[in-house]
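Here is the structure we will look at.
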Amino acid sequence: MKNEKKELLDEIEKLIAYGREDKSINPALLEYLEVSDLASIKAKLLERVDNLSQNDKDWLEQFKMYK
C-alpha cells in the first residue's frame, strides 16, 4: 500500500510541477492521505490538465523560460 501511495504522490507531483524538477509536495503526506484521497487528487489534476486549451499551454510555456 505504501508503494501505491508513493507512486500516486509521484504522479501528482509531476502534474503539479509542470516541468520543474524541484519537489513541492512533502513526502510526509503519505502518512496522512489514503490511496483513495491521492487517486482523487490525481484525477482532478488530470481533468484540469485535459481542459487546458492549446493557447493556455502556450501561454504557460513562456514562464518556463524565465525561471
Assuming R0 = 25 Å, can you tell me the calculated FRET efficiency for the pair Ser40 and Gln62, based on Cβ-Cβ distance, to the nearest 0.05? 0.20
Applying the Karplus parametrisation 6.51 cos²θ - 1.76 cosθ + 1.60 with θ = phi - 60° to the phi angles of the range 5-15, what ³J(HN,Hα) value in whole Hz is obtained for each residue in order, glycine and proline being reported as x? 4, 4, 4, 5, 5, 5, 5, 5, 4, 5, 5
Which of the peptides 39-52, 3-16 is most tightly packed, and how do the rest follow, judged by the mean count of other Cβ atoms within 10 Å per residue? 3-16, 39-52
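None of the figures in this text is laboratory data; all of them are computed from the coordinates on show. This structure is a prediction, so every number in the text was calculated from the model and none was measured. Cβ coordinates were reconstructed from backbone atoms using ideal geometry, including for glycine residues, and neighbour counts include every protein chain displayed.
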